[in-house]
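Step one of this worksheet: look at the structure below.
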Amino acid sequence: MDMILVVDDNQDTCGILSDILTSEGYAVNTANDVKTALTGLGKEAADLVLLDKKLPDMDGLKALEEMMRLDAGMPVIMLTGYGDVKSAVMAMKLGAFDYVTKPFDEKELRLVVEKALEMRRLRRSQAAGDKDISAMGGSPRIKQTLKQAGIVAPTNMTVILQGESGVGKELIARFIHENSLRKDKPFIAVDCGTLQETLAETELFGHEKGAFTGADGRKDGQFILAHGGTLFMDEITNLPVSIQGKLLRVLQERKVHRLGGKKDVEIDVRIIVAANVNVEEEARRSRFRHDLYQRLNEFTIEIPPLRERMADIPVLTRRFIVEANAELDKKVKGIEGEAMKRLMDYNWPGNVRELKNVVRKAVLQTGSGMSITQVFPDEPVKPPQGRGLQTQTDLSFKSSTRKAAMEIERALIKDALEQSKNNKSRAAKLLKIDRMTLYSKIKSLGLS
């Protein structure tokens, strides 16, 4: 359970925030001054701090610095009055995750808290050496994808990520951000497919108080929140046409205009977009603005579907078993040969996301201390070409394990030959084996 520390000298505010946050399933501690808060943080770690700007024993900005010294990775959300937004912006420059103005909107508060805790979990995962990017696998195809991402990461170039749903586009976007000069600044993700046309403008660019009915205060859009960092716009081709033109203007001028505002706000944001369709084709067919596509198309990365990199399946499966064990409080040892063969035979239309769900379900249904013997993909298993139905005698553990290993070798070698354009010497170097071994395996696996 995530622990949140609320620091505010107003007892009523502490009580209201505690009620809201505990109703969301969070554990909450409160403190009315900085000294008590710092003492508490020294004894018990917090996952997030809600910190009032004005406190009796120390200025909020100074308190922020003290808390960052205790735990540099802990997100802090500043609580400030509407008229003191300037100080809140200063706090963000000092390392605060975000700010919420009083009186606060409960929906906005919940959203900011959720995003801050998500960032905390990501940082902890990376610090433990268990980076989410390892969920992509280690086949030659995905290694080439990561190589491209690593090349473009240190630049400020706009990137288009293309690939089917579930292949891990957001993981690649985060990988680019974490390997860029902006890694210590915000990474903000927006799903353009869920943006309603009437709310898209205020969500992306923000609004001023009174801009429309219900606009009780100023709201910063995602571009302003991502200032200095990276804005990831998923499913970009679903962005309403009316907003595409405004997005083009923002990209060209590097300024946003809050709805109802009188002046532009300068921004410094690196843009990464993603789509599960070919963006160039969508532009050619006039389903996406061609001028916007041209502006975005500085560097494009294609992420291969899982069925084209089957050698990743065993690696991913082991990782997902570990994750599911931790989440479900299980101690599943691993996966048996026939179950792995079933995973290798399946076509994976839902890609890595679907594999993770299938393994998670299998772990749930497997007893602790046991190994997975059955997996349940949502569609029938598709037999590989050149192989008929398996006889009962093929279902032994040793036989199934050997066949799964052969499938992995076959997939790895095919990928290497494809990358090297069938140059055997180059393929052998990619696989880190000698050329004679490669020739032998090509023959034994029937790849010649």
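Among the residues of region 248-270, are any of a type in the set (Val, Ile, Thr), within 27 Å of Phe97 (Cα to Cα) and in a helix (DSSP H, G or I)?
Yes.
Restricting attention to region 1-39, which residues are among the small types (Gly, Ala, Ser) and in contact with a strand residue (DSSP E or B) (Cβ under 6 Å, 6 or more places away or on another chain)?
Ser18, Ala27, Ala31, Ala37
Within region 240-255, identify whether any single residue is in contact (Cβ under 8 Å) with a residue 60 or more places away in the chain, touching a Lys or Arg at 6+ places or on another chain (Cβ under 7 Å) and open to solvent by less than 10 Å² (accessible area, probe 1.4 Å), and answer yes or no.
Quick first cut of region 240-255, residues in contact (Cβ under 8 Å) with a residue 60 or more places away in the chain only: 251.
Right, trim to touching a Lys or Arg at 6+ places or on another chain (Cβ under 7 Å) and you get 251.
Narrowing the set further to residues that are open to solvent by less than 10 Å² (accessible area, probe 1.4 Å) leaves 251.
Yes, region 240-255 contains a residue that is in contact (Cβ under 8 Å) with a residue 60 or more places away in the chain, touching a Lys or Arg at 6+ places or on another chain (Cβ under 7 Å) and open to solvent by less than 10 Å² (accessible area, probe 1.4 Å).
Residues being hydrophobic (A, V, I, L, M, F, W, C) and exposed (fewer than 14 other Cβ atoms within 10 Å of the Cβ): count how many of those fall in region 289-310.
If we filter region 289-310 for residues that are hydrophobic (A, V, I, L, M, F, W, C), which is where we start, we get 292, 296, 299, 301, 303, 306, 310.
Next, only the ones that are exposed (fewer than 14 other Cβ atoms within 10 Å of the Cβ) stay: none.
Number of matching residues: 0.
Which pairs do you get when a residue that is at pLDDT below 85, found in region 366-378, comes within reach of a residue that is open to solvent by 20 Å² or more (accessible area, probe 1.4 Å), reach meaning Cβ atoms under 7 angstrom, with the pair 6+ apart or on two chains?
Listed by first residue and then by second, the contacts come to Phe376/Lys361.
Any residue that is free of Cβ contacts under 8 Å to residues at least 12 places away in the same chain and under 29 Å from the mean Cα position of the chain (by Cα) - is there at least one of those in region 52-61?
Checked region 52-61: no residue is free of Cβ contacts under 8 Å to residues at least 12 places away in the same chain and under 29 Å from the mean Cα position of the chain (by Cα).
Gly193: surrounded by fewer than 21 Cβ atoms within 10 Å (Cβ to Cβ), at pLDDT below 90 and not in a helix (DSSP H, G or I), yes or no?
Details: surrounded by fewer than 21 Cβ atoms within 10 Å (Cβ to Cβ): yes; at pLDDT below 90: yes; not in a helix (DSSP H, G or I): no.
No.
Under 8 Å between Cβ atoms, at least 6 apart or on separate chains: pull out the pairs that start in region 300-320 with a residue that is free of Cβ contacts under 8 Å to residues at least 60 places away in the same chain and of a type in the set (Ser, Thr, Tyr) and end on any residue that is open to solvent by 10 Å² or more (accessible area, probe 1.4 Å) and assigned to a helix (DSSP H, G or I).
Thr317/Met340
Residues that are touching a Phe, Trp or Tyr at 6+ places or on another chain (Cβ under 7 Å): which helices (runs of 4 or more DSSP H) entirely in region 277-338 hold 1 or more of them?
In region 277-338, 279-284 are the helices (runs of 4 or more DSSP H) which contain 1 or more residues that are touching a Phe, Trp or Tyr at 6+ places or on another chain (Cβ under 7 Å).
The values are calculated or read from the model by the stated rules, or taken from the named source; none is laboratory data. Everything numeric here is computed off the predicted structure, so don't read it as measured data. Here the Cβ is made from the backbone with ideal geometry for all residues, glycine too, and neighbour counts use every protein chain on show. With ligands, DNA and RNA removed, areas are computed over all heavy atoms of the protein, side chains included. Shrake-Rupley method; radii C 1.70, N 1.55, O 1.52, S 1.80 Å.
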